[in-house]
1. Any idea what angle helix 222-233 forms with the longest principal axis of the chain, computed on alpha-carbon atoms, 0 to 90 degrees, nearest 10?
2. How far apart, in nm, are two points set 7 Å out from the Cα along the Cα-to-Cβ line at W96 and at D32?
3. If the chain between R356 and R312 were fully stretched, how many nm would it gain, using 0.36 nm times the residue separation less the Cα-Cα distance?
4. Quantify, in whole percent, the carbon and sulfur part of the accessible surface of region 270-380 (1.4 Å probe; protein heavy atoms only).
5. How about K345: which aspartates and glutamates have a C-alpha closer than 16 Å to its C-alpha, ignoring those fewer than 8 places off in the same chain?
6. Stretch N221-F83 to full length: gain in nm at 0.36 nm per residue minus the Cα-Cα span?
7. Could you work out [θ]222 nm for the chain from helices alone, using -39500 (n - 2.57) per DSSP H run of at least four and dividing by all its residues? Round to the nearest 500 deg cm²/dmol.
8. Can you order the peptides 372-379, 289-296 by their average number of other Cβ atoms within 10 Å per residue, highest first?
Amino acid sequence: GKEINDELVRTDKANTHTSFISADWFDLYLRDRQALPINYNPSLVARYDANKRDGVTRAAYWIASSCRWYKMYRDNTLKPEVFYFGGPTHFSKQDWFSRSISWTPRSLAAKAMAIGSKFHAFPLDMSQYNNLFNSTRIPGVEVDTLKANGFTPYIIVNFGSNQYKVTVCDAAGNPFPEEQIYARLKAIVEKNEPAPKVDVGIFTSMKRNEWAAIRTSLERNPTNQASLQEIDNAMFVVNLDLDFTADFFTQEANVNTNRHFIVSNKNRWWDKSISVIITKDGATGVNFEHSWGDGVAVLRYTVDCFNDTSSRTVPANFAAAEKPTEGVNKLQWSLEPEHVAAAEKATKALQSEMNRMDYSVAMTKTLGRDHKLLKGEVKADPFMQMVMQLAWWRLNKSTVSTYESASTAAYLKGRTECIRSASMESQAFTLAFDDPKASEDEKRNLLVKAAKRHAKVTSEAKMGGGVDRHLFALKKTSERRFNTVPELFKDPSYATFGSNIISTSTLFSEALLGGGFGPVSPGYGIGYAVAPDMMQFNVSAWKGVGGPNHSAEDFAGALLEAVDDVSKLLKSK
């Protein structure tokens, strides 16, 4: 073990331009032959914009805001991403402090901010942002590749299962007026081309080696090759789903809407780094391919674009203000019978996976981040994680490997680390909670111990002290350098450790309505969030074989019951 670790340390020190995890983590994603939808691509859902409640208007403004954001990033004027430990009045958040740091030489700026803020502000790595725009994943037989292109001033619009090239900014990246972007989108909608026999985007939902074979076949035709290149080089994709109206106000409709932003069997191009989904009523989500980066980068983009669009009022004569100065440019395809047959097979396969994905939403407004119960020794995130542990215990009478994603962007080329939410302390709490022999004080003390343990593990994971990525890197180093897999990684206990039966992730912003992802294990995938006045759990699972013993709805119900019961425990003090 020491020899392998020494080799890992030596390699890390010799490659100061990157992190010890980066290359192998990219490779892990890109070698996986599973299909992207459900298995990999997550989604974030932005709040409505009251001034833009039709899909085409919201799309026009979102596209313009995206261009402005991208130009700031390319011009190096986008505000750096910083993680703050200080409160809202801490000096590290003041303009004078940021200006002072901006005068520091680039090579010293990160350390200057951390030390100068007395370790209350940590600049985060933003290298993932390079793949947000003008980037795509290209399928291969054994391994995919990420293709990052130079700036192009156009996007691809999916509408009615057709693909359209739409120029949305000038050569310098300045967006066209929203009125002109609207006119170009409206021209596509009003032309209302009939749906093609084959929605070519369905090929991107196939297993990666199968899609690679189809793509190679398609590229033998110059027309297809040109269209694929246009999509690969585009800034991003907008999926205009004007045949779908979002609804977050009833349980069934909320579930269906969240499912729609995670997966659909039409009008998608899963390979692009980000795809903006906009419905008839202006609901907006961002679905992203996961190999290039993580939720933190997409969250920043989504929040900034939401704030920018929300700050702009739609003029009274907006819809009729301009005529399109560019014609409708639909991408053309030349398909052989083998392609048609493959598309039919891919559509059935994706629909089968969609039918197999169980989904439910648990939301409560009885408790939120600002509630006094969560201002003491038990904070919001540990509370929600312990609630998940209790819900699982009540349904299954066991403790299982649990994953909570933590960003390690505090380090150069950092990706994620695992917060191990299931611990000896959390198990002691869940075992005692429904035990009639345990007193309220005993249960509460066990909850506090579990919450403190979780907070400690969280801090360690974010600051590079987790174990999962280190173990993964040791395994890859041994395979590469010594051509062997150590016995530790063959032990059944290691497989249990990494099974992640409960896989969780949280990203919260006032700009979001929610977000979610598909099940990544035989258990549950849980995208959760805590707002000042509410909590929400978006629960996914596989139905039947390969899934848990209880449905997503059963687990969502157990979560709400656990929230209520643990809240009562805290109130009883």
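The values are calculated or read from the model by the stated rules, or taken from the named source; none is laboratory data. Owing to the predicted nature of the structure, the values given are computational and were not obtained by experimental measurement. Note that each Cβ is placed from the backbone with ideal geometry, even for glycine, and that neighbours are counted across all protein chains shown. Heavy atoms of the whole protein, side chains included, go into the accessibility calculation; ligands, DNA and RNA do not. Shrake-Rupley method; radii C 1.70, N 1.55, O 1.52, S 1.80 Å.
1. 50
2. So the label points at W96 and D32 sit 4.9 nm apart.
3. Taking R356 through R312 to full extension adds about 11.7 nm, to one decimal.
4. Of all accessible area on region 270-380, carbon and sulfur atoms account for 52 percent.
5. D199, E210, E336, E353
6. 44.8 nm
7. Rounded to the nearest 500, the figure is -13000 deg cm²/dmol.
8. Output ranking for 372-379, 289-296: 289-296, 372-379.
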